[in-house]
Amino acid sequence: MIIIGEKINSTLKAVRPAMESFDTAAIQDLAKRQYDAGATYIDVNAGMFIDDEPERLEWLVQTVQSVVDAPLAIDSPNPKALLKALQANKNSKPLINSITAETSRYNAVLPLVCEFKAAVVALCMDDTGMPETVKDRVVIAERLIENLTKEGVAMEDIFIDPMVRPIGTGSHYGNVAIETIRKVKKEFPEVHITCGLSNISFGIPCRKLMNQAFLVAAMGAGMDGAILDPLDKKLMSFIYASEALYGLDDYCMNYLMNFREGKLEV
């Protein structure tokens with residue numbers, strides 16, 4: 001499972017003060033703890049700082065990469081901020097989060113993906129907005145994959161995001177996301193599938209329970225990545241157990257290793 005650690009995000013009230021004050025130690029501590037907990041990528045997002053997002057995102061990249069070797073997920077819809085951050089990146093291949101099939105956004109972000117040979121999260125939405133149906137989302141995913149690969153982006157560098165919407169706003173949204181994952185993964189097995197996991201539970205109580213249930217179901221449908229909190233020990237335990245159950249962990253070796261290291265929580 002590809003874990004994109006979500007904690008260095010300016011939308012989080014607990015983290016934003018550290019970004020506002022350029023608190024290097026706090027950001028580095030959060031990066032290290034996520035990495036040690038199993039994050040594959042460290043996401044960096046400074047989107048709440050509208051006036052100086054490029055400079056703050058650049059600072060986040062420099063701050064995080066000085067203490068962890070993990071690749072960074074550079075999270076912004078702003079091409080200027082993405083460029084500044086990508087130029088600062090010294091770690092391995094970054095993940096641009098994100099591109100869509102919206103004409104203006106696609107045309108602005110694609111050159112950065114190609115220039116920096118980055119992997120990219122591709123959201124299932126276009127100029128008509130966020131589709132309601134599985135069929136329409138799969139059509140957009142197919143178009144994104146076709147266009148990106150024509151530009152030289154490798155299949156394994158594409159992370160399709162089915163666009164998870166809160167189950168509390170529509171009882172069909174969980175199934176729509178799961179079936180989109182299933183169909184895209186079946187048609188394009190080399191492509192990765194990721195999502196903002198906690199989007200599913202926004203606005204309802206016991207959010208962690210819903211996130212855990214959705215995680216297991218989505219992994220069963222073929223999701224092999226997620227933007228989530230790697231410091232949530234129980235959620236990470238569900239990942240290790242699900243990998244074993246779905247035949248993704250030979251002889252449960254990874255599960256057993258994490259058990260011995262005290263990383264599992266019942």
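The values are calculated or read from the model by the stated rules, or taken from the named source; none is laboratory data. Everything numeric here is computed off the predicted structure, so don't read it as measured data. Virtual Cβ from ideal backbone geometry, glycine too; neighbours counted across all protein chains shown.
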* Among the residues of the range 99-111, is there at least one that is buried (at least 23 other Cβ atoms within 10 Å of the Cβ) and closer than 20 Å to Glu6 by Cα? -> yes
* **Residues of the range 170-203 that turn out to be farther than 21 Å from Asp126 by Cα and either at pLDDT below 95 or among the polar types (S, T, N, Q) (or both), as a count** => 3
* Asked: Just one of the numbered conditions (1) among the acidic types (Asp, Glu); (2) loosely packed, with under 15 Cβ neighbours inside 10 Å; (3) touching a residue at least 40 places away in the same chain (Cβ under 8 Å); (4) in contact with a strand residue (DSSP E or B) (Cβ under 9 Å, 6 or more places away or on another chain) is not true of Glu190; which one?
  -> (3)
* Listed residues Met223, Met210; which is modelled with pLDDT of 95 or more and over 18 Å from Val121 (Cβ atoms)? -> Met210
* Are any of the residues in the range 147-154 under 15 Å from the mean Cα position of the chain (by Cα), loosely packed, with under 15 Cβ neighbours inside 10 Å and within 22 Å of Pro94 (Cα to Cα)? -> no
* Structure fact -> By residue number, the members of the range 222-234 that are surrounded by fewer than 20 Cβ atoms within 10 Å (Cβ to Cβ) and either of a type in the set (Val, Ile, Thr) or in a helix (DSSP H, G or I) (or both) are Lys233, Lys234
* To do: Would you point out the residue of the range 206-219, among those that are free of Cβ contacts under 8 Å to residues at least 40 places away in the same chain and in contact with a Phe, Trp or Tyr (Cβ under 8 Å, 6 or more places away or on another chain), that is nearest to Leu264 (Cα to Cα)?
  => Gln212
* Asked: Going by the structure shown, is Gly47 surrounded by fewer than 19 Cβ atoms within 10 Å (Cβ to Cβ), under 18 Å from the mean Cα position of the chain (by Cα) and on the phi > 0 side of the Ramachandran plot?
  -> no
* Asked: Can you tell which of Met163, Met219 is touching a helix residue (DSSP H, G or I) at 6+ places or on another chain (Cβ under 6 Å) and either part of a loop (DSSP other than H, G, I, E, B) or over 16 Å from Ile99 (Cβ atoms) (or both)?
  -> Met219
* To do: Would you check if there is a residue in the range 175-197 being of a type in the set (A, V, I, L, M, F, W, C), in contact with a Phe, Trp or Tyr (Cβ under 6 Å, 6 or more places away or on another chain) and assigned to a helix (DSSP H, G or I)?
  => no
* **Matching option when the condition is over 25 Å from Leu231 (Cα atoms), among the hydrophobic types (A, V, I, L, M, F, W, C) and within 17 Å of the chain's Cα centre (by Cα), among Ile158, Ile193** => Ile158
* Lys32 passes all but one of (1) closer than 22 Å to Ala122 by Cβ; (2) of a type outside the set (Asp, Glu); (3) surrounded by fewer than 17 Cβ atoms within 10 Å (Cβ to Cβ); which number fails? -> (1)
